[in-house]
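Down below is the structure, laid out as structure tokens.
The values are calculated or read from the model by the stated rules, or taken from the named source; none is laboratory data. This is a predicted model, so every value here is computed, not measured. FYI the Cβ positions are ideal-geometry reconstructions off the backbone, even for glycines, and counts take in every protein chain you see. Keep in mind that these areas ignore ligands, DNA and RNA; they rest on the heavy atoms of the full protein, side chains included. Shrake-Rupley method; radii C 1.70, N 1.55, O 1.52, S 1.80 Å.
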Amino acid sequence: MPPGGRAARARRVPAGLDDPRTRAVDERHGDDHGVDLGKLRALAKRLKTRQDLAYGLWETDDTAARLPALLICRPKAHGRDELDVMLRGARTPKAHDWLVNYVVRKNPHAEEPRVAWTADPDPVVASAGWALTTERVARKPEGIALAGLLDAVEAEMKHAPDRLPWAMNHCLARIGIEHAELRARALDIGERPEVLKDYPTSTARTSPFAPAWIDGMVRRRAEAWTVPSAENRSPRVVLAS
């Protein structure tokens with residue numbers, strides 16, 4: 001965000017919100033705060049949109065302050081170069097994810113960084129480009145070379161460093177889920193490198209292993225639509241709860 005000395009004037013998140021047990025869990029995932037995210041969201045909801053305060057909180061370089069900053073800023077207020085600087089300085093996984101999801105995706109310049117970041121030599125930056133590409137695959141695939149994405153995933157995912165395999169795996173799964181004509185190839189690509197195959201997942205959640213993820217989501221969507229019973233003559237299809 002632009003300079004201006006706002007960090008000194010910005011109020012940090014109250015220290016009382018930091019919980020040692022939460023911090024221990026977060027630190028295992030590479031984050032450096034211990035604040036319950038629900039409390040941060042509630043704080044941001046009370047503050048509402050406050051761009052100048054958001055700048056100040058971001059400049060503190062404190063993750064617990066940066067996260068609500070990303071919720072109270074105006075996504076459209078940030079320029080292309082500013083987004084690039086913010087991403088490269090995000091430091092922690094949660095700040096990185098929230099910046100991409102809550103700011104960049106809602107910014108009118110999102111397509112430019114998507115293309116540039118995907119090809120960036122920094123794998124953390126490249127993972128942001130893949131995250132934005134996954135959004136395009138799901139919501140606006142026109143103009144995206146889906147087969148080319150599968151080629152890149154097949155060639156690079158298994159040996160990609162840092163956060164990049166997770167981001168590429170997500171894109172692979174979304175292609176398989178949303179595009180039936182490419183589903184068989186997506187399943188085949190996911191099976192061979194076995195990325196995230198052994199990732200611990202509760203029984204209530206879908207595994208991030210791409211073949212299981214694709215099969216689970218496709219099946220869930222099919223099962224969500226029920227056929228009316230013989231007694232019900234209405235042709236209306238009912239969405240199951």
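None of 187, 172 is surrounded by 10 or more Cβ atoms within 10 Å (Cβ to Cβ), assigned to a helix (DSSP H, G or I), at pLDDT 95 or above and within 18 Å of the chain's Cα centre (by Cα) except 172.
May I ask you to verify whether residue 153 is surrounded by 13 or more Cβ atoms within 10 Å (Cβ to Cβ), of a type in the set (A, V, I, L, M, F, W, C), under 19 Å from residue 110 (Cβ atoms) and under 20 Å from the mean Cα position of the chain (by Cα)? So residue 153 fails the test.
Restricting segment 190-223 to residues that are touching a Lys or Arg at 6+ places or on another chain (Cβ under 9 Å) and part of a loop (DSSP other than H, G, I, E, B) leaves a set whose member that is most open to solvent (accessible area, probe 1.4 Å) is 192. Considering segment 63-131, the qualifying helices (runs of 4 or more DSSP H), each wholly inside and each with 1 or more residues that are hydroxyl-bearing (Ser, Thr, Tyr) and either open to solvent by 60 Å² or more (accessible area, probe 1.4 Å) or in contact with an Asp or Glu (Cβ under 9 Å, 6 or more places away or on another chain) (or both), run over 63-72. Number of residues in segment 23-37 that are in a helix (DSSP H, G or I) and either open to solvent by less than 60 Å² (accessible area, probe 1.4 Å) or modelled with pLDDT of 90 or more (or both) equals 3. When you check residue 136 against the structure, is it over 22 Å from residue 76 (Cβ atoms), among the basic types (Lys, Arg) and open to solvent by less than 50 Å² (accessible area, probe 1.4 Å), yes or no? Judged against the criteria, residue 136 is not a match. Annotation: residue 145 fulfils all but one of (1) open to solvent by 40 Å² or more (accessible area, probe 1.4 Å); (2) in contact with a Pro (Cβ under 7 Å, 6 or more places away or on another chain); the unmet one is (2).
Would you confirm, using the coordinates I've provided, whether residue 18 is modelled with pLDDT under 90 and in contact with an Asp or Glu (Cβ under 7 Å, 6 or more places away or on another chain)? So residue 18 fails the test. Considering only segment 197-223, how many residues are modelled with pLDDT under 85, over 18 Å from residue 185 (Cα atoms) and not polar (S, T, N, Q)? Of the residues in segment 197-223, 5 are modelled with pLDDT under 85, over 18 Å from residue 185 (Cα atoms) and not polar (S, T, N, Q). Considering only residues in segment 38-58 that are open to solvent by 50 Å² or more (accessible area, probe 1.4 Å) and not in a loop (DSSP other than H, G, I, E, B), the one that is modelled with the lowest pLDDT turns out to be 39.
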